[in-house]
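Structure first, commentary second.
The values are calculated or read from the model by the stated rules, or taken from the named source; none is laboratory data. Because the structure is a prediction, the values reported are computed rather than measured. So basically every Cβ, Gly included, is an ideal-geometry build from the backbone, and we count neighbours across all protein chains shown.
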Amino acid sequence: AGQIIVQFKTEGTVLVTAPGLAYDNVYITLDNSLYAIDRFSGKEHLHFQRTQGFLVSPTVVGNIGYCSTTDVLTNGKVSIPGMLYAVDAHTGVQLWSYPLPGSIGDGVAFAGDTLLVKSDDGYLYAIH
């Protein structure tokens with residue numbers, strides 16, 4: 001039978017997205033934060049926070065964690081666009097960010113060294 005081996009108490013709502021796993025850390029998004037949690041001890045190793053939008057579907061490749069925010073709408077119009085972030089997977093330091101039209105709610109994927117991002121504006125973006 002299954003048993004709980006680690007728990008991590010959150011201060012917000014865990015989004016319904018798949019966690020990422022790398023370097024014995026579980027990467028999750030929570031409200032507008034990205035966390036790396038040691039999968040054996042449950043200890044927080046990384047906390048990357050944004051003031052706008054909600055981070056979804058973290059992906060870790062090499063030493064970089066990729067995550068995105070969705071558009072923020074005010075009165076039915078985009079007031080803050082969705083952003084794609086690259087974060088050092090060990091330190092949580094932001095390496096770069098890139099605005100993309102539409103919400104980037106499905107996360108990212110890789111093909112070789114090309115980052116693939118689907119946006120709800122109807123386009124697939126390839127970033128190299």
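Of all the listed residues (Y27, Y98), the sole one being over 21 Å from E11 (Cα atoms) and among the aromatic types (F, W, Y) is Y98. Residues in segment 78-128 that are touching a residue at least 60 places away in the same chain (Cβ under 8 Å) and surrounded by 19 or more Cβ atoms within 10 Å (Cβ to Cβ): A89, G107.
Please go through segment 10-43 and pick out each residue that is modelled with pLDDT under 80 and either over 23 Å from D71 (Cβ atoms) or assigned to a loop (DSSP other than H, G, I, E, B) (or both). Listed by number, the residues that qualify are T10, E11, G12, T13, L15, V16, T17, A18, D31, N32.
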